[in-house]
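The values are calculated or read from the model by the stated rules, or taken from the named source; none is laboratory data. These numbers were taken from a predicted model, which means no experiment stands behind them. Backbone-built Cβ (ideal geometry, glycine too); neighbour counts: all protein chains shown.
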Amino acid sequence: MKNKVIVVVGPTAVGKTKLSIRLAKRYGIEIISGDSIAVYKDLNIGSAKPTKEEMDGVVHHLIDILDPKEEYSVADFQKHARSIIDERPLSLICGGTGLYIQATLFNYEFHSKKRDAHLAEQYESYSNEELFALLKKLDKDLDETKIHPNNRKRVLRALEVYEDLGTSIHSFNHHNEALYEYYIVYLDMERELLYNRIHQRVDQMLEDGLFAEVKALADQNIYPKGIGYREWIPYFEKKASYEDVVEQIKKNTRHLAKRQATWFKNQMHSHFYMMDLARAEEIYQKIEMDIDRWLKE
């Protein structure tokens with residue numbers, strides 16, 4: 001019998017942490033953080049890392065395990081998450097990108113070499129558009145919906161994989177076989193309400209000291225790539241105002257919410273639940289009933 005995994009995902013500010021704590025206590029299990037930024041120490045506010053109070057005694061894995069200068073990839077997450085899942089009949093992953101979740105739950109193998117630190121220098125004369133055009137020319141199987149032309153790091157990685165393996169970054173021997181039984185809870189919210197909550201969350205992060213957190217990292221020449229961090233680079237280069245950065249963080253967070261919803265609708269079998277704060281308890285109970293039924297199957 002395959003081990004089972006509950007996955008709680010959705011946009012920021014929708015209530016994933018609260019639900020995951022509730023489910024962990026209900027089923028007597030621990031939580032695997034699926035956030036690629038929360039793995040780093042000192043990246044607390046921008047990653048919306050749960051506080052000890054929010055954890056409420058529930059054990060969380062893959063939080064504060066790396067120095068901010070260390071590299072962390074989807075292959076690393078896959079390895080770490082599976083090592084935890086394989087030891088337990090039931091696990092819970094909270095948060096994470098679609099690729100991280102898919103790579104963990106499915107027979108998704110990585111064989112490419114580690115990143116070449118000099119690759120960026122090799123293509124530094126290329127604009128983002130020129131670099132993406134080169135990738136499209138080489139990789140005939142490229143899915144343009146999964147790589148944004150302005151995501152230079154991702155485009156460079158795709159080029160590196162193609163040069164190393166002669167195949168698309170999307171392949172990686174990706175099979176449709178699920179290694180675990182899984183139940184994905186995607187918490188969503190009506191667009192206008194969600195965007196308002198996203199804006200409020202960003203404003204709260206700023207009140208809680210996001211700028212000071214980012215500045216302390218920048219003083220060490222550390223510029224994290226996650227949303228809430230990368231947008232400050234133009235500010236430190238005196239190319240953008242404080243207000244510009246705040247608006248960009250909000251904009252990028254909204255766009256991420258759209259992309260994540262599309263991924264989980266199209267790539268994996270997911271169960272979507274629309275959050276209504278006035279009916280939160282009713283919705284939580286519905287989710288618990290559905291998971292109870294799944295666990296008995």
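Going through segment 229-258 one residue at a time, which ones are under 15 Å from VAL9 (Cα atoms) and without any contact (Cβ under 8 Å) to a residue 40 or more places away in the chain? Selection gives LYS258 alone.
Just wondering, is there one or more residues in segment 115-135 that are at pLDDT 90 or above, under 21 Å from the mean Cα position of the chain (by Cα), small (Gly, Ala, Ser) and in a helix (DSSP H, G or I)? No, because not a single residue in segment 115-135 is at pLDDT 90 or above, under 21 Å from the mean Cα position of the chain (by Cα), small (Gly, Ala, Ser) and in a helix (DSSP H, G or I).
Restricting attention to segment 8-21, the residues that are within 18 Å of VAL59 (Cα to Cα) and in contact with a helix residue (DSSP H, G or I) (Cβ under 6 Å, 6 or more places away or on another chain) add up to 2.
Do we have any residue at all in segment 260-283 that's part of a helix (DSSP H, G or I), of a type in the set (Lys, Arg) and farther than 21 Å from LYS41 by Cβ? Within segment 260-283, one or more residues are part of a helix (DSSP H, G or I), of a type in the set (Lys, Arg) and farther than 21 Å from LYS41 by Cβ. The residue list GLU144, GLU129, GLU124, GLU71 contains one member that is free of Cβ contacts under 8 Å to residues at least 60 places away in the same chain, exposed (fewer than 12 other Cβ atoms within 10 Å of the Cβ) and within 30 Å of THR17 (Cα to Cα), which is GLU71.
Inside segment 224-239, residues that are over 14 Å from the mean Cα position of the chain (by Cα), on the phi < 0 side of the Ramachandran plot and either outside the structural domain of PHE211 (by TED's automatic domain parsing) or surrounded by fewer than 17 Cβ atoms within 10 Å (Cβ to Cβ) (or both) make up a count of 5. Screening LEU105 against (1) farther than 30 Å from LEU92 by Cβ; (2) at pLDDT 85 or above leaves a single unmet condition, (1).
Does segment 137-149 contain at least one residue that is modelled with pLDDT of 85 or more and over 30 Å from ALA48 (Cα atoms)? Looking through segment 137-149, at least one residue is modelled with pLDDT of 85 or more and over 30 Å from ALA48 (Cα atoms). When ILE31 is tested against the conditions (1) under 14 Å from the mean Cα position of the chain (by Cα); (2) of a type outside the set (Lys, Arg); (3) farther than 20 Å from ASP208 by Cα, the lone failure is (1).
When segment 264-287 is filtered for residues that are more than 24 Å from the chain's Cα centre (by Cα) and among the acidic types (Asp, Glu), the ones remaining, listed by number, are GLU281, GLU282.
Here are some residues: ASP76, ASP86. Which one is among the acidic types (Asp, Glu), free of Cβ contacts under 8 Å to residues at least 12 places away in the same chain and over 24 Å from PHE211 (Cα atoms)?
ASP76
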